[in-house]
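Enquirer: The structure's right below; bear with me while I get my questions together.
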Amino acid sequence: GNTVPAIARLVQADEDTIRQVIHRFNEMGMASLDPQWAGGRPRQITSDEEQLIVETANTRPEALGRPFTRWSIRKLADHLRLHATRRIRIGRERLRQILHRHRITFQRTKTWKESTDPDRDAKLARIEYVSSQFPQRVFAFDEFGPLVIRPQAGAGWAPAGHPHRLPANYHKLQGVRQFHGCYSVGDDQLWGVVRRRKSAANTLAALKSIRAARPDGAPIYIILDNLSAHKGHKIRTWAARNKVELCFTPTYASWANPIEAQFGPLRTFVIAGSNHPNHPALAR
């Protein structure tokens, strides 16, 4: 009690305030030092209203009778205030914060094609099964192209204001090529050969290189796109004789081929920003 006036003088506070802090510390311990007071007016957006805001943001304006194809923050706030089934007054910054908290971001539209393959589910299930059960015996094949000899725009690190420059030459003077890529799922290895064109003969040569990667004679599984050049009589006959199961991706579902994920970096790190003098240099 006698020390209270001394503490009050030291921190330049009222003695009653010091006594209140001491009493709270005796009751609550260290938690009293972080009272977590909340300032400002009470929160006015209820959880139900927040849910309605999120649902509205995820709905195309046309479906709600609005004459535009996408929301802006201003348009969404105006709609919630004037036209929503339950009207909500909310500022644009608060609205932006709510959308951010619910991971609703402004993105470009993307197109997609639904697979029309009647065996879509069975094919995808087979690819999933062999990839998970026998990864060391699963391979993938696809063509990557067309490869052309001309300067290719790209991106990279450079001093500010001094980008790397390429000549503006857009003539394809040396024809096109196709990279016949082979990918081992288990080894995470990509290899292949550059050919003048896609053909059943070039496909078969690539598949034989895959079979040679597992020369033990035990079955292997090759995932490849459902193209005519990939499934001719010669290829099917060879596969049956050499214990190779061809796992075709469904129509319009090339994304199920694991080699597709390798072609993106190939385009980024080999093609983009390049100015190869000829096809042999590009192939290397």
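The values are calculated or read from the model by the stated rules, or taken from the named source; none is laboratory data. Predicted, not measured: the structure shown is a model, and the values here were computed from it. Don't worry about glycine lacking a Cβ; one is built from the backbone with ideal geometry, like all the others, and counts go over all protein chains shown. Accessible surface areas use protein heavy atoms only, side chains included; no ligands, DNA or RNA. Shrake-Rupley method; radii C 1.70, N 1.55, O 1.52, S 1.80 Å.
Enquirer: Projected onto the charge dipole of the chain (+1 at Lys/Arg Cβ, -1 at Asp/Glu Cβ, origin at the Cα centre), which of VAL176, ILE210, GLY40 gives the Cα projection farthest towards the positive end?
Expert: VAL176
Enquirer: Probe 1.4 Å, all protein chains in place: accessible area of THR105 in Å², nearest 10?
Expert: Solvent-accessible area, nearest 10 Å²: 90 Å².
Enquirer: Sticking with this structure for a sec: Gain in length, SER199 to VAL176, computed as 0.36 nm per residue apart minus the alpha-carbon separation, to one decimal in nm?
Expert: 6.9 nm
Enquirer: Going down the table (LYS198/LYS231; LYS123/LYS231; LYS113/LYS234; LYS208/LYS234; LYS208/LYS243; LYS110/LYS231), which pairs top 23 Å between alpha carbons? Before the final figure, lay out each step's value.
Expert: On the way: LYS198/LYS231 13 Å; LYS123/LYS231 15 Å; LYS113/LYS234 31 Å; LYS208/LYS234 12 Å; LYS208/LYS243 12 Å; LYS110/LYS231 31 Å.
From LYS198/LYS231; LYS123/LYS231; LYS113/LYS234; LYS208/LYS234; LYS208/LYS243; LYS110/LYS231, over 23 Å: LYS113/LYS234; LYS110/LYS231.
Enquirer: At ILE22 and ALA153, where each label point lies 7 Å from the Cα along Cα→Cβ, what is the point-to-point distance in nanometres?
Expert: 7.5 nm
Enquirer: Here's something else I'd like to know. Give, as a single signed number, the net charge of other residues whose beta carbon lies under 15 Å from the beta carbon of PHE144, with Lys and Arg counted +1 and Asp and Glu -1.
Expert: After counting each charged neighbour, the total is +2.
Enquirer: Note the listed values (i) 17.7; (ii) 30.5; (iii) 23.7, then indicate which one is mean projected area of the Cα convex hull in nm² calculated from this particular structure.
Expert: Entry (ii).
Enquirer: Still on this structure, I have one more. Relative contact order for the stretch 148-270 using alpha-carbon pairs under 8 Å, separation at least 6, rounded to a whole percent?
Expert: 19 percent
Enquirer: Give me the dipole magnitude in Debye, nearest 20, for the chain about the Cα centre, with unit charges on the beta carbon: positive for Lys and Arg, negative for Asp and Glu.
Expert: Computed about the Cα centre, the dipole is about 1500 debye.
Enquirer: So, one more: Over the chain, average the accessible area per residue using a 1.4 Å probe and give it in Å², no decimals.
Expert: In whole numbers, the chain has 69 Å² accessible per residue.
Enquirer: What do you get for the angle between helix 73-82 and the principal long axis of the chain? Use alpha-carbon atoms, 0 to 90 degrees, nearest ten.
Expert: On a 0 to 90 degree scale, this one is about 60.
Enquirer: Ranked from highest to lowest mean number of other Cβ atoms within 10 Å per residue, what is the order of the peptides 149-155, 66-72?
Expert: Final packing ranking: 149-155, 66-72.
Enquirer: Answer rounded, prolate or oblate for the stretch 74-170, using the Cα gyration tensor with square roots of eigenvalues a ≥ b ≥ c: rounded when a/c is under 1.5, else prolate when a/b is larger than b/c, else oblate. List each step's numbers first, then the result.
Expert: Details: a/c = 2.70, a/b = 1.29, b/c = 2.10.
Oblate.
Enquirer: Summarise the accessible area of the chain (1.4 Å probe, protein heavy atoms) by the percent that is carbon and sulfur.
Expert: That fraction is 52 percent.
Enquirer: Moving on. Please report how far the C-alpha centroid of the stretch 238-284 lies from that of the stretch 173-197, rounded to the nearest whole angstrom.
Expert: With the stretch 238-284 and the stretch 173-197 each reduced to a Cα centre, they are spaced 5 Å.
Enquirer: So if R0 is 30 Å, what FRET efficiency would ALA213 and SER274 give, r being the distance between their Cβ atoms, rounded to the nearest 0.05? Present the calculation step by step, with values, prior to reporting the outcome.
Expert: Values: r = 28 Å, r/R0 = 0.95.
For R0 = 30 Å, the calculated efficiency reads 0.60.
Enquirer: Using alpha carbons only, how many degrees (0 to 90, rounded to 10) separate the axis of helix 47-57 from the longest principal axis of the chain?
Expert: That helix lies at roughly 40 degrees to the long axis.
Enquirer: Just name one of GLN107, ALA125, HIS164: the one whose Cα is farthest towards the positive end of the charge dipole of the stretch 79-182 (beta-carbon charges, Lys/Arg +1, Asp/Glu -1).
Expert: In the stretch 79-182, that residue is GLN107.
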